[in-house]
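Below is one structure, written out as structure tokens; comments come after it.
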Amino acid sequence: MTAKETIQQGKAILGIEFGSTRIKAVVIDEENKPIAQGSHTWENQLVDGLWTYSIDTIWNGLQDCYADLRANVLKEFGVEIETFAAIGISAMMHGYMAFNEKDEILVPFRTWRNTNTGKAAAELSSLFNYNIPLRWSISHLYECILEDNEHVKDIKFQTTLAGYIHWQLTGEKVLGVGDASGMMPIDPETQDYNDSMVEKFNKLIAPKNYPWKLMDIFPKVLVAGENAGCLTEKGAKCLDPSGHLKAGIPFCPPEGDAGTGMVATNAVKQRTGNVSAGTSSFSMIVLEKDLSKPYEPIDIVTTPDGSLVAMVHCNNCTSDINAWVNIFKEYQELMGFPVDMNAIYTKLFNAALEGDADCGGLMAYNYVSGEPVCGMADGRPLFVRSANDKFSLANFMRAQLYGAIGALKFGNDILLKEENVQVDRITGHGGYFKTKGVGQRMLAAALNSPISVMETAGEGGAWGIALLASFVVNNAKQQNLADWLDENVFAGNAGVEIAPTAEDVAGFNAYIENYKAGLAIEQAAVEAKK
């Protein structure tokens, strides 16, 4: 069946993911291969000291992304999209979206990027004896309670961005277990919120006399493969205001970007892992057993089918690189040269390969926002050098690339060295790896581990959530998710692997020691420039 026939006959599958800087739609065929795409570029806003996207921005972005997909399909295949075999919604995890009985949002959406929940996260971590990160939804909720926010008593539903979109399109207040694990700890035995922790939380807030308990307002947890409702008439109009899309399309459970990254890199089996490196970065390693104790830099979340995952999440990755590349773009424009952004990125990234393994002493801190892994509540992007350092373009770019994954190394050293977690394969995906072989080599040096990159990894989370939607309707053999991905999607493809060299590992280790020592400079910058 051709791509055109697949779309015409309603056998294609749609995945949509809300990333930090782009909303992306991917359509796949019956062989789970992408056949059409659409996108919309957006940016978060800092409003009253909190990072947010407005409700209007969310819906305008979704509709523009879908309209772009429709236009691309019409141009490429000459057909109008009327239905799909299944749809999946994914988005950046965590954060805070609370709604009243009229389904109105009570306060602006607070994204994962906010670090204002320190007191709440610390108290909950102590109460649960479990690391509760600043960005988790339960931290945001409890911080609002600690601050006696007036809106808390009016909460009827709290969810994530993916859960919100899914709810509006299907009417179902549900969440995939991977995304749910960023709201509240999950019990791997029940694949649901941890009962004892829920009970402790309800007891903790009982003196407030709210008219709700936690499970009254949290979404129901579903695992990969379960049906999560269908597109309603209202939902169809919300997604496609042109009116061509028909209701009744089944949905998979909405998932977070961590889960879709695992799916897109075939890293849902135990002893596999992946690193997603874009606006933020995070590593995910699927555990054989729980860690010996809680660690503040390590979050325990789950795969979309409920296995425990050690997640090291860093708020910052490529944003500061992008800012520096834009300076080079402005220089080219100033000199009257034609600007090709892909060429600028490629040449600058490749230049980093010519730099010294330790960056000649140069250091870069990419903290556009706070970086909890390194103990920074706020961020100030910095480039640091001394007079005697080897200041060259190659060393500068290498320092930027090292700096983008510096915080990521902190948490992974705990896993790989202190906990002796065993990993058979780590796969990289995201913009950091777009220039062939460069980011891959840097990460191999940082983790002292071979890193694989697949050609398909560039499709990202939108492809991952499309695969999860396909898993709902195309799993005739009733396989588990890992086996289904192996057999039906990847068919033995493990990507291209780059192993670390001794020189690169030694160089990165020297860089990271300077980096750790220089955190005092970063802290001083935060304090000096409020």
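I'd like to check one number: the per residue accessible area of the chain, probe 1.4 Å, reported in Å² as a whole number. Spell out each step's value before the answer.
Values: 21170 Å² over 530 residues.
Counting only protein heavy atoms, the per-residue value for the chain is 40 Å².
Once every DSSP H run of n ≥ 4 in the chain is given -39500 (n - 2.57) and the sum is divided by its residues, what mean residue ellipticity at 222 nm do you get, rounded to the nearest 500 deg cm²/dmol?
Helix contribution divided over all residues of the chain: -11000 deg cm²/dmol.
Rank-order 432-441, 95-104, 8-17 by packing density, defined as the average count of other C-beta atoms within 10 Å over each peptide's residues, highest first. Before the final figure, lay out each step's value.
On the way: 432-441: 20.3, 95-104: 17.2, 8-17: 23.2.
Answer by packing, highest mean first, reads 8-17, 432-441, 95-104.
Nearest 20 debye, what's the magnitude of the dipole of the chain about its Cα centre given +1 on Lys and Arg Cβ and -1 on Asp and Glu Cβ?
420 debye
I want the antiparallel fraction of DSSP beta bridges within the chain, as a percent rounded to 5.
So the antiparallel bridges in the chain amount to around 70 percent.
For a distance above 13 Å, tell me the whole-number percent of Cα pairs in the stretch 220-276 that qualify.
Working: 1091 of 1596 pairs.
Taking all Cα-Cα pairs of the stretch 220-276, the fraction more than 13 Å apart is 68 percent.
If I take the Cα coordinates of the chain and project them onto the principal axes, what are the three extents in Å, biggest first?
Cα extents, longest axis first: 66, 62, 46 Å.
Of the options 472, 46, 310, report the single residue whose Cα projects farthest towards the positive end of the charge dipole of the chain (beta-carbon charges: Lys, Arg +1; Asp, Glu -1).
Of the candidates, 46 comes out farthest on the positive side.
Residue-wise, which Karplus ³J(HN,Hα) couplings in Hz belong to the stretch 37-54, taking 6.51 cos²θ - 1.76 cosθ + 1.60, θ = phi - 60°, and x for glycine or proline?
9, x, 7, 8, 8, 8, 9, 6, 10, 8, 10, 6, x, 10, 7, 8, 10, 6
Calculate one ³J(HN,Hα) per residue across the stretch 361-376 by plugging θ = phi - 60° into the Karplus curve 6.51 cos²θ - 1.76 cosθ + 1.60, and present them in order as whole Hz with x for glycine and proline.
Working through the residues one at a time gives x, 6, 9, 9, 10, 9, 7, 5, 10, x, 10, x, 4, 9, x, 9 Hz.
Tell me which residues come under 5 Å, amide H to amide H, from residue 272 once H is placed; ignore anything under 5 positions away on its chain.
Long-range HN contacts for residue 272: 286, 424.
When only Cα pairs under 8 Å and 6 or more residues apart are kept, what is the percent relative contact order across the stretch 1-60?
Reported relative contact order: 23 percent.
Placing unit charges on C-beta atoms (Lys and Arg positive, Asp and Glu negative, everything else neutral), compute the dipole magnitude of the stretch 308-415 about its Cα centre in debye, rounded to 20.
Working: 7 positive and 11 negative charges, 9 e Å.
With Lys and Arg at +1 and Asp and Glu at -1, about 40 debye.
How large are Rg and Dmax for the stretch 1-156 when only the alpha carbon atoms are used, in Å?
Every Cα atom of the stretch 1-156 included, Rg and Dmax give 19.6, 59 Å.
Consider a paramagnetic label point 7 Å from the Cα of residue 383 along Cα→Cβ; state which residues of the stretch 310-326 have an amide N under 15 Å from it.
319-326
List, largest first, the extents of the alpha carbons of the stretch 379-530 along their principal axes, each in whole Å.
64, 39, 34
Quick one: Karplus J couplings for the stretch 289-296, per residue in order, coefficients 6.51, -1.76, 1.60, θ = phi - 60°, nearest Hz, x for Gly and Pro?
So the Karplus estimates, Gly and Pro as x, are 8, 5, 5, 5, 6, x, 10, 4 Hz.
Please report, as a whole percent, how much of the solvent-accessible surface of the chain comes from carbon and sulfur atoms (probe radius 1.4 Å).
48 percent
Restricting attention to the stretch 283-355, which trypsin sites (Lys or Arg not before Pro) occupy a DSSP loop and are surrounded by at most 16 other Cβ atoms within 10 Å?
Sites meeting the loop and neighbour criteria: 289.
Pull up all non-local amide H partners of residue 42: gap of 5 or more, or a different chain, and H-to-H distance under 5 Å with H placed in the peptide plane.
Close amide H contacts, sequence-distant or interchain: 22, 23.
Just want to confirm a number: the relative contact order over the chain, from Cα pairs under 8 angstrom separated by 6+ residues, in percent.
Relative contact order comes out at 15 percent.
Among the lysines, select those whose C-alpha is under 22 Å from the C-alpha of residue 293, and discard any that sit fewer than 8 residues away in the same chain.
119, 200, 409, 417
Could you pull out every residue, at least 5 positions away or on a different chain, whose amide H is within less than 5 Å of the one on residue 157? Hs are placed 1.01 Å off N in the peptide plane, and Pro or chain starts have none.
Residues meeting the amide H criterion: 99.
Could you tell me the relative contact order of the stretch 1-130? Use alpha-carbon pairs under 8 Å, at least six residues apart, and round to a whole percent.
Numbers: 201 pairs, mean separation 33.1, N = 130.
So the answer I get is 25 percent.
Need the list of lysines near residue 329 for cross-linking: C-alpha distance under 23 angstrom, and skip anything on the same chain fewer than eight residues off.
Result set, ordered by chain and number: 347, 434, 436.
Assigning unit charges at the beta carbon (Lys, Arg +1; Asp, Glu -1) and nothing else, what dipole magnitude in debye, to the nearest 20, does the stretch 1-131 show about its Cα centre?
On the way: 11 positive and 17 negative charges, 69 e Å.
Dipole about the Cα centre, nearest 20: 320 debye.
The values are calculated or read from the model by the stated rules, or taken from the named source; none is laboratory data. None of the values given here were measured: they were computed from a predicted structure. Neighbour counts run over all protein chains shown; Cβ positions are idealised from the backbone, glycine included. The accessibility values were calculated without ligands, DNA or RNA, using every heavy atom of the protein model including side chains. Shrake-Rupley method; radii C 1.70, N 1.55, O 1.52, S 1.80 Å.
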